[in-house]
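The values are calculated or read from the model by the stated rules, or taken from the named source; none is laboratory data. Small disclaimer: the values here were computed from a predicted structure and weren't measured. Backbone-built Cβ (ideal geometry, glycine too); neighbour counts: all protein chains shown.
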Amino acid sequence: MFDYRALGLKVGIEIHQRLNTHKLFCNCPSLLKEEEPPLWFKRRLRVSRSELGLIDPAAKFEQLRDREFLYGVYPDTICEVELDECPPLPINEEALTTSIEVALMLKMSVIDEIHVMRKIVIDGSNTTGFQRTALVAVGNENSYIETTYGPVRIKTLCLEEESAFIVESTPLKAKYKLDRLGIPLVEIATEPDIWHPEQAKEAALRLGRLLRATGKVMRGIGTIRQDLNISISKGARQEVKGVQELNAIPEIINREIQRQISLLEIMKELKARGLSDDAFNGRILEVTDLLREVSTGFVKRAISRGERAYGVLLPSMKGILAKEIQPGRRFGTELSDYAKVFGGVGGIIHSDEAHSYGFEEDLIAKILKELGGGSEDAFVLVLSSEKVAKLALNAVLERARLALREIPTETRKPLPDGNTSFSRPLPGSERMYPETDIPPINSKAIVEKVSQALPEYPEDTIARLIDTYGISQELAELLFDSWRFKLFEEIASNYPKISPSFIATTLTSTLTALKREGIPIEKLEDRTFIEIFAYLNEGRLAKEAIPEVLAELALDKTVSLEEIVSERYMTMEQLDKIIDAKIAELQREISERGERAYGMLMGRVMAEVRGRIDGAVVSKRVKKKLSEFLQKTQK
């Protein structure tokens, strides 16, 4: 799609993985709740300066928004630490040990004296106004992972606390649940060595596997996420935060490349039109009366409701706002993102697309004239109060001004189609300062203990599964990536008569197919699979019935495996009765054919019992019954 080397593509990845232990700075359990919190409290946050007296741009941005935050509390998973009503407890030693274990597996240099720092965050995601984080290890010449596109060096490994879960966000307030706040996170950051989108996906996969190898990380959607730092030559670093799906990584990178190339072309065009920073100092004016000419659509309805319209001129920018920068997104969409985030408006109306909102040519000309422009200019309108309009349209002017001289560095949100949208300015180093409530931690004893018994590396586990059980590379990797390789080994060891490949396929492909059908397979516990294969081993359950049984157990927690098998599947006594009945029906044919009657008899029996009992069991029983009948009749 692109010549990535020529473009100077650079990508770095940050992996964030929750650990399966209690919270990082208190003893509360790391449990997420689905029900509504029984208690809510309010708070406002203010920006603080870093150790050097500087203010982080992302924090300054949030300060300008001046929002109120509401926090939901669950008494059984939250204490005064999450409420910021008491100092933090000493760091969770199990979480710290796990993070050091991961660092040693990556051959990193563990910091001798680990210091907890405060990272300023005032978007409401932490009640304190900062996130506690500790640098645990740094990379060295041996700290890298191999990919098919070349090595990727590991830069840092940190241990930090998870943020609160956002429930709702508006221009005036945001609501968070505090059950997630404080769960330990391991953060692994790579150097920007990645030069190909598929390499980024591969690096994320390998790092995720290594984290799983510890057996001490959480499972499920949201427990691991990737941040992508993406840039090209002459472009700018963009941080795409919270990518959940590995398969989405290459598309997100390709679309960000396309966006930066398009923005560079727009910059060139704006300069060719003779624009300068002074062009974007226009006044924000009300144009409500002019919009009364719109006869249909949401604009007419909004004006009828009494909403006001405000606009700003963008000189010499006719046609620019309609230029596509990503599939389905135009430069006008970039301006709209800024208006939404800074001003809280639902969106903008701009002159390049005004026709689609019911604007006639003469109305467009009137608006341009009212704003002090002409036919080669563009405008942006918002429907809001005057205060909100000024916030939104000043943000639009600032984004247009930036388009003339640079691609701004931003934190961006991934969208389902692979595009991204503006979230906030990219934070800088100004947001860090020491945590005074937690003393430094000497890591020497933990390093010595952990280094004596590191977990098996993922590639070694996969190779062992292939060698020991004779399954394919693909099945072994699927088992590892699905977290079920230990369950597989337990079942395969206990029931050696069952094909390991069938066990592996059931635990991977079968479950994937059920998930695509909407079956909540995450509700199935390991003991359920062990019981199912025990029934299969005893011949009380047919292989063909397993998907149906799994689906029913996942959908109905009140039903037991024994109830399903007893009601729908066949006992040996029932099977014997059916075989005896078929032998009686086919007595003459069996007497004539002898042992050669097996195929005919087996076919008749299977027609009646298929799916209700394992075929291998039926075959063994049919052979036995046939032999007994022939011995009896031949005497």
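Side notes on the structure shown:
Residues checked against (1) in a helix (DSSP H, G or I); (2) in contact with a Pro (Cβ under 8 Å, 6 or more places away or on another chain):
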{"residue": "166", "(1), (2)": "no, no"}
{"residue": "176", "(1), (2)": "no, no"}
{"residue": "185", "(1), (2)": "no, no"}
{"residue": "202", "(1), (2)": "yes, no"}
{"residue": "212", "(1), (2)": "yes, yes"}
{"residue": "215", "(1), (2)": "no, yes"}
{"residue": "219", "(1), (2)": "no, no"}
{"residue": "222", "(1), (2)": "no, no"}
{"residue": "230", "(1), (2)": "no, no"}
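- In the condition set (1) crowded, with 18+ Cβ neighbours inside 10 Å; (2) not assigned by TED's automatic domain parsing to the domain that holds residue 311, residue 415 is compliant with all but (1).
- Boolean, residue 147 is in the same structural domain as residue 209 (by TED's automatic domain parsing), among the polar types (S, T, N, Q) and touching a residue at least 40 places away in the same chain (Cβ under 8 Å): yes
- Applying the condition of being part of a helix (DSSP H, G or I) and either in contact (Cβ under 8 Å) with a residue 60 or more places away in the chain or touching a Ser or Thr at 6+ places or on another chain (Cβ under 7 Å) (or both) to region 430-448 and asking which residue is farthest from residue 214 (Cα to Cα) yields 430.
- Test: residue in region 473-480 that is under 30 Å from residue 220 (Cβ atoms), outside any helix (DSSP H, G or I) and outside the structural domain of residue 287 (by TED's automatic domain parsing): no
- Exactly one residue out of 336, 375 is outside any helix (DSSP H, G or I) and touching a residue at least 12 places away in the same chain (Cβ under 8 Å): that is 375.
- Residue within region 273-285 that is in a loop (DSSP other than H, G, I, E, B), in contact (Cβ under 8 Å) with a residue 24 or more places away in the chain, of a type in the set (A, V, I, L, M, F, W, C) and in contact with a strand residue (DSSP E or B) (Cβ under 9 Å, 6 or more places away or on another chain) present: yes
- Helices (runs of 4 or more DSSP H) contained in region 505-605 and holding at least 3 residues of a type in the set (A, V, I, L, M): 511-516, 526-538, 546-555, 561-568, 572-585
- Any hit, region 490-502, residues being in contact (Cβ under 8 Å) with a residue 60 or more places away in the chain, of a type outside the set (Val, Ile, Thr), out of contact with any Ser or Thr (no Cβ under 7 Å at 6 or more places or on another chain) and surrounded by 15 or more Cβ atoms within 10 Å (Cβ to Cβ): no
- Unmet criterion (only one of (1) assigned by TED's automatic domain parsing to the domain that holds residue 616; (2) small (Gly, Ala, Ser); (3) more than 30 Å from residue 627 (Cβ to Cβ)) for residue 560: (1)
- Hits in region 1-31 - residues which are in a loop (DSSP other than H, G, I, E, B) and either β-branched (Val, Ile, Thr) or closer than 18 Å to residue 186 by Cβ (or both): 20, 21, 22, 23, 24, 25, 30
- Only one entry in 423, 493 is assigned to a strand (DSSP E or B) and hydroxyl-bearing (Ser, Thr, Tyr), namely 423.
- Per the conditions (1) among the acidic types (Asp, Glu); (2) touching a strand residue (DSSP E or B) at 6+ places or on another chain (Cβ under 9 Å); (3) modelled with pLDDT of 95 or more; (4) surrounded by fewer than 18 Cβ atoms within 10 Å (Cβ to Cβ), the sole criterion not satisfied by residue 307 is (3).
- Note on region 286-306: among residues that are part of a helix (DSSP H, G or I) and polar (S, T, N, Q), the one that is nearest to residue 351 (Cα to Cα) is 288.
- Qualifying residue in region 278-297 (condition: under 38 Å from the mean Cα position of the chain (by Cα) and either modelled with pLDDT under 95 or in the same structural domain as residue 226 (by TED's automatic domain parsing) (or both)): yes
- Residues that are surrounded by 19 or more Cβ atoms within 10 Å (Cβ to Cβ), more than 25 Å from residue 521 (Cα to Cα), of a type outside the set (Lys, Arg) and at pLDDT 95 or above do not occur anywhere in region 218-227.
- Out of 386, 376, 370, sole residue that is surrounded by fewer than 20 Cβ atoms within 10 Å (Cβ to Cβ), in contact with a Pro (Cβ under 9 Å, 6 or more places away or on another chain) and under 24 Å from residue 288 (Cα atoms): 376
- Qualifying position, being crowded, with 17+ Cβ neighbours inside 10 Å and within 23 Å of the chain's Cα centre (by Cα), among 540, 484: 484
Residue by residue, here is whether (1) in contact with an Asp or Glu (Cβ under 9 Å, 6 or more places away or on another chain); (2) among the small types (Gly, Ala, Ser); (3) part of a strand (DSSP E or B) holds:
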position: 317; (1), (2), (3): yes, no, no
position: 340; (1), (2), (3): no, no, no
position: 345; (1), (2), (3): no, no, no
position: 356; (1), (2), (3): no, yes, no
position: 381; (1), (2), (3): no, no, yes
position: 391; (1), (2), (3): no, no, no
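- Region 428-443, residues that are loosely packed, with under 14 Cβ neighbours inside 10 Å and at pLDDT below 90: 429, 434, 436
- Among the residues of region 1-52, those that are exposed (fewer than 15 other Cβ atoms within 10 Å of the Cβ), of a type outside the set (A, V, I, L, M, F, W, C), touching a Phe, Trp or Tyr at 6+ places or on another chain (Cβ under 9 Å) and at pLDDT below 95 comprise 35, 38, 42, 44, 49, 51.
- Sole residue being surrounded by 12 or more Cβ atoms within 10 Å (Cβ to Cβ) and either in a helix (DSSP H, G or I) or assigned by TED's automatic domain parsing to the domain that holds residue 502 (or both), chosen from 632, 625: 625
- Residue 402 vs. criteria in the same structural domain as residue 286 (by TED's automatic domain parsing), touching a helix residue (DSSP H, G or I) at 6+ places or on another chain (Cβ under 7 Å) and part of a helix (DSSP H, G or I): no
- Cβ pairs under 9 Å, 6+ apart, first in region 519-538 and under 22 Å from residue 218 (Cβ atoms), second modelled with pLDDT of 90 or more and of a type in the set (Lys, Arg): 521/515; 522/515; 526/484; 526/486; 529/484
- If you filter region 169-192 down to residues that are out of contact with any Phe, Trp or Tyr (no Cβ under 7 Å at 6 or more places or on another chain) and crowded, with 21+ Cβ neighbours inside 10 Å, you find that the one that is nearest to residue 143 (Cα to Cα) is 190.
- Some residue of region 242-251 being over 26 Å from residue 145 (Cβ atoms) and surrounded by fewer than 21 Cβ atoms within 10 Å (Cβ to Cβ): no
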